[in-house]
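Below is a structure I'd like to ask you about.
The values are calculated or read from the model by the stated rules, or taken from the named source; none is laboratory data. Treat the numbers as computed from the prediction; the structure is a model and nothing was measured. Here Cβ is always computed from backbone atoms with ideal geometry, including for glycine, and neighbour counts include all displayed protein chains. Ligands, DNA and RNA are excluded from the accessible area calculation, which covers all protein heavy atoms including side chains. Shrake-Rupley method; radii C 1.70, N 1.55, O 1.52, S 1.80 Å.
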Amino acid sequence: MMLWIQANSLYLLLAAGTVFDVFWLYGMRRQLQMKWFAVVAFSVLHTAVGVCSVKAYAFLESGEVGNMSLFGAVFFMPVVYWLGARLTKRPYGKVCDVFAPCVLFTLMCARINCMIEGCCMGAYIPGTHFRFPTRELEILYYIVMLVLLIPRVKKGRNPGGIYPFYMASYGAFRFVDEFFRTSSTGMLFHLAHVWAAIAFAVGLSVCMEINARNHQRKKVAKK
């Protein structure tokens with residue numbers, strides 16, 4: 001039984017991510033005016049597109065089929081949300097806000113699978129036989145972000161700024177975390193640092209723009 005679970009760990013964890021999406025989107029269905037059957041359909045589609053995103057991004061990085069890069073979801077999913085918002089005539093910012101926890105939970109499941117598969121490990125701590133707990137820290141990052149962002153999404157705080165904040169914070173976290181991970185090049189600074197820096201810069205700039213826009217709207221509403 002344990003061998004079967006380990007052999008199918010990715011599928012089981014993706015299924016867990018899909019179940020989370022169903023419950024989360026069902027609870028948030030009124031914000032996006034979704035029927036229950038649309039919740040199920042969007043949950044399954046979200047997982048499928050997310051997997052395609054991380055695999056496609058990894059292929060663009062290395063030219064090898066079968067690898068996964070979590071930055072694919074970070075960068076590609078907002079494009080998918082934009083297309084979905086346009087097709088369904090829903091506010092783009094609200095779509096990103098509501099789906100941000102879905103991305104966080106699914107990527108957390110993907111990183112848990114890394115631990116099961118024994119990949120994406122931290123580098124050895126100098127002078128010891130132990131590795132830096134980079135995967136564990138990333139899982140902790142997702143848990144903290146879910147705890148922080150879920151209440152904000154439910155209360156509609158900082159509309160449109162939830163996903164950019166996640167992108168900026170993840171970029172900052174990964175930029176530091178990458179220094180303690182193993183790399184195929186064996187170098188301290190590698191390609192993931194570039195993606196992390198881009199994620200941080202894009203997320204921060206969008207956050208600043210949205211915060212300024214929301215602040216201006218509040219000033220106008222008070223007049």
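Per the Kirkwood treatment, what hydrodynamic radius in Å, one decimal, follows for region 1-115 from the mean inverse distance over all distinct Cα pairs?
Across region 1-115, the inverse of the average 1/r is 14.7 Å.
Run the Debye formula on the Cα coordinates of region 98-223, all scatterers equal and no solvent, and tell me log10 I(q)/I(0) at q = 0.09, 0.11, 0.16 1/Å.
-0.33, -0.47, -0.85
Taking just the alpha carbons, could you work out the radius of gyration and Dmax for region 56-121, both in angstroms?
Looking at region 56-121, its Cα Rg and Dmax stand at 14.2, 43 Å.
Now for a different question. Place a point 7 Å from the Cα of Lys218 along the Cα-to-Cβ direction; which residues of region 150-178 have their backbone N under 12 Å from it?
157-159
Please identify, among Met167, Met145, Met187, the residue showing maximal mean-square fluctuation in a Gaussian network model of the chain using a 10 angstrom Cα cutoff.
Met187
Quick one: which residues, 5+ away or cross-chain, put their amide H under 5 Å from the amide H of Arg131? H built at 1.01 Å from N.
Amide H neighbours of Arg131: Ile125.
Computing the accessible area with a 1.4 Å probe over protein heavy atoms, can you report the carbon and sulfur percentage for region 1-101?
C and S fraction of accessible area: 71 percent.
For region 118-174, take N as its residue count and report Rg(C-alpha) divided by 2.2 N^0.38 Å.
In units of the 2.2 N^0.38 Å rule of thumb, it is 1.50.
Here's another thing I want to ask about it. Could you give the dipole magnitude of region 88-190 about its Cα centre, charging the beta-carbon of Lys and Arg +1 and that of Asp and Glu -1, in debye to the nearest 20?
600
Further, regarding this structure: Under a 1.4 Å probe, what is the accessible area of region 1-68 per residue, stated in Å²?
Using a 1.4 Å probe on heavy atoms only, each residue of region 1-68 averages 65 Å².
Would you kindly state how much longer the chain becomes between Ala41 and Leu87 on full extension, computed as 0.36 nm times their sequence separation minus their alpha carbon distance, in nm to one decimal?
Gain in length upon complete extension: 15.0 nm.
Separate question: Considering the zone a paramagnetic label at Thr182 would reach in this model (a point 7 Å from Cα along the Cα-to-Cβ line), which residues of region 93-118 have amide N under 11 Å from it?
118
Report the per residue volume, in Å³, of the convex hull enclosing the C-alpha atoms of region 1-57.
85
If the chain were replaced by its equivalent ellipsoid, with semi-axes equal to the square roots of 5 times the Cα gyration tensor eigenvalues, what would those be, largest first, whole Å?
They are 31, 22, 15 Å, listed from largest to smallest.
Can you give me the relative contact order of the chain as a percent, contacts being Cα pairs under 8 Å and 6 or more apart?
17
Sort Trp24, Trp36, Trp195, Trp4 by accessible area with a 1.4 Å probe, largest first.
If we order Trp24, Trp36, Trp195, Trp4 from most to least accessible, we get Trp36, Trp4, Trp195, Trp24.
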